[in-house]
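Asker: Below you will find the structure I want to go over with you.
We did not get these values from a lab; they are worked out from the coordinates using the rules stated. Everything numeric here is computed off the predicted structure, so don't read it as measured data. Glycine gets a Cβ as well: all are built from the backbone with ideal geometry, and neighbour counts include every protein chain shown.
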Amino acid sequence: MNADLRVDIPLLNDGSSAETAVSLLIEQGLVVWRGPTSDSPPSTCEARVLDSQHCVVPGFVDIHVHGAQGVDVTDDAADALVAVGAAHLVQGTTAWCPTIVSCATERMLATLERVGRARAVRSAGLPRVLGAHLEGPFLNPDRRGAHPMTALRAPDIALAKELLAAAGGALALLTIAPELPGAMAVIELMHDAGVVVSIGHSQATYQQTLDAFAAGCRSVTHLFNAMSAFHHRHPGVMGAAIDCDDVWCELIADGVHVAWPMVRLLCRAKPTERIALITDCTAAWGAASASLGEQTITARDGAARLNDGTLAGSTLTMDRALRGVVEHGAMSLTQAVYSASVAPCALLAGELIGAVRPLSVGAPADLVVLDAQRQVVDVMLAGRWIGTDRR
Ligand SMILES: [Zn+2]
C-alpha cells in the first residue's frame, strides 16, 4: 500500500475500542486503513511508533468558540479566524465552529460572510471550520448572561433569512430561546435550512422545551448556564434536556460554569454520546484585556467576565476540558474523548464534517497524541503533524 504515513498506536480511544494496539495508514490526509498492528499491511512509508505512555485520540471538535489570545471571531480583521483557529489547534482542536455573540446586525452579517469564506476555502495548517455558531440574537433578555441587551432581537423571520443568506450555507448552529413570541417559526425555518438549532439563554418551561424539540431543536447550549433554575416541580430546559435521551447538551467543563458534582450528576443521568464538551472560550484566554463582540471582558477567577463580574464565556481549552471531566471522576477517558470529538460530530452530522466517526477509514487524519498525564504532545491535521514548535 502506498501510504504517506503509518501511526502505530498503543491505545486508540475513539469511544469504540479500548486498549487495543492498532495502526493507522494515512494517505493524502485521510485514514486509508485501520486495524490491529499485527495485521498492518507492509509499507515503506514513514512510521511513527508511540510507546505505551502515549495514546492517540481523534482531534477535538469544539462547536462553541468565541475567541482566543486577544482576538474575537467578530473582530473586523481578515486574520481573526486564522488567529483563533491556530491558537486552539495547538491544544488539540482540529475542527471548530466560530461562535458569534449577539452584536450589531452588520457585525453578525459580516462575520457570517467571513466564516462562509473560511469554510469554503480551507487554509492548510488551520483547523477545519465547520460553520458558524450564531449565539443569538433571539435570546431571552432575562437570561441574556453576557449578551448585551441592546443587541438582542425579537425573533424575526426576515432577519433570520438575512443571516442565513449572509452565511451562504455556512451557518452550522443557531442558539435561540424558544419561548419568545415568533421563535417557533424561526426554529422551523432554520431546521428546514439544515441548521442545527439549540436552545439556550432561555426561560422555557419543560413543556415549551419539549415543543421546541418537536419543532426541530436538537441540543441545548451550555447546559446549566443561562437558563431557568432546575426545580423539582419545574424541571424547565435542564430537566427536559436530561430527560430526553436523543437531545445533545453542550457542557462547559471548567469547574467555574458548572460545579463538578453537577457535572458528575449529569454524566450519570445523560448518555455520554449526547454530551458535547465545549470551551465557550473567549479572547480573554491569554490576553490581559479583550473583547467579546462589542463588550470588554477580562480573565478573572478562572473565567472571562464583564466589568460587573458577569460570566462572559471562558478561558478554557478542549484539552483542559477533557482532563477536567476525567480527573473529577465524571467520565472515563474513553467517554471524555467521545464527548470531545464524536458527540459534536454526530450533532452536526454528516455533510458538514465528512465523517461522523473520526479516525475511521475515509475520515480526515485529524488526531491528538496525549501523554500519560493527558497533556497534548502533538497534533496531526489532515495527515500532517503540526509539530512541537507550534506548541
Ligand atoms: Zn458563548
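Asker: Enter the mean projected area of the convex hull around the alpha-carbon atoms of the stretch 60-352, in nm², rounded to one decimal.
Answerer: Mean orientational projected area (the stretch 60-352, Cα hull): 13.2 nm².
Asker: For the stretch 165-269, what Kirkwood radius comes out of the mean inverse Cα-Cα distance, in Å?
Answerer: 14.1 Å
Asker: Moving on. What number do you get for the stretch 266-323 when its Cα radius of gyration is normalised by 2.2 N^0.38 Å, N = residues?
Answerer: Ratio of Rg to 2.2 N^0.38 Å for the stretch 266-323: 1.31.
Asker: What fraction of the DSSP beta bridges in the chain is antiparallel, stated in percent and rounded to the nearest 5?
Answerer: Given both bridge residues lie in the chain, the antiparallel proportion sits at roughly 50 percent.
Asker: Summing Lys, Arg as +1 and Asp, Glu as -1, what charge do residues with Cβ under 10 Å from the Cβ of Ser291 carry, Ser291 excluded?
Answerer: Value of the local net charge: -3.
Asker: Moving on. With 10 angstrom as the radius, rank Ser123, Ser43, Ser102, Ser52 by how many other C-beta atoms surround their C-beta, starting from the fewest.
Answerer: Ser52, Ser123, Ser43, Ser102
Asker: If Lys and Arg each add +1 and Asp and Glu each add -1, what is the summed charge of the other residues whose beta carbon sits under 14 Å from the beta carbon of Ala166?
Answerer: +2
Asker: Related question: If you take every residue apart from Ala303 with its C-beta less than 12 Å away from the C-beta of Ala303, what net charge results, scoring Lys and Arg +1 and Asp and Glu -1?
Answerer: Here the charged neighbours net out to -1.
Asker: Once you keep just the Cα pairs under 8 angstrom separated by 6 or more residues, what percentage relative contact order results for the chain?
Answerer: Once normalised by length, the contact order is 20 percent.
Asker: Which of Gln373, Gln295, Gln28 ends up with the largest GNM mean-square fluctuation for the chain, with Cα atoms connected below 10 Å?
Answerer: For the chain, modelled as a Gaussian network with Cα springs under 10 Å, the answer is Gln373.
Asker: Using Cα springs under 10 Å in a Gaussian network model of the chain, which residue among Asp51, Asp156, Asp211 shows the largest mean-square fluctuation?
Answerer: Taking springs between Cα atoms under 10 Å, the residue moving most is Asp51.
Asker: On to the next question. GNM on the chain, C-alpha springs below 10 Å: top fluctuator among Pro148, Pro42, Pro358?
Answerer: Between Pro148, Pro42, Pro358, it is Pro42 that shows the largest mean-square fluctuation.
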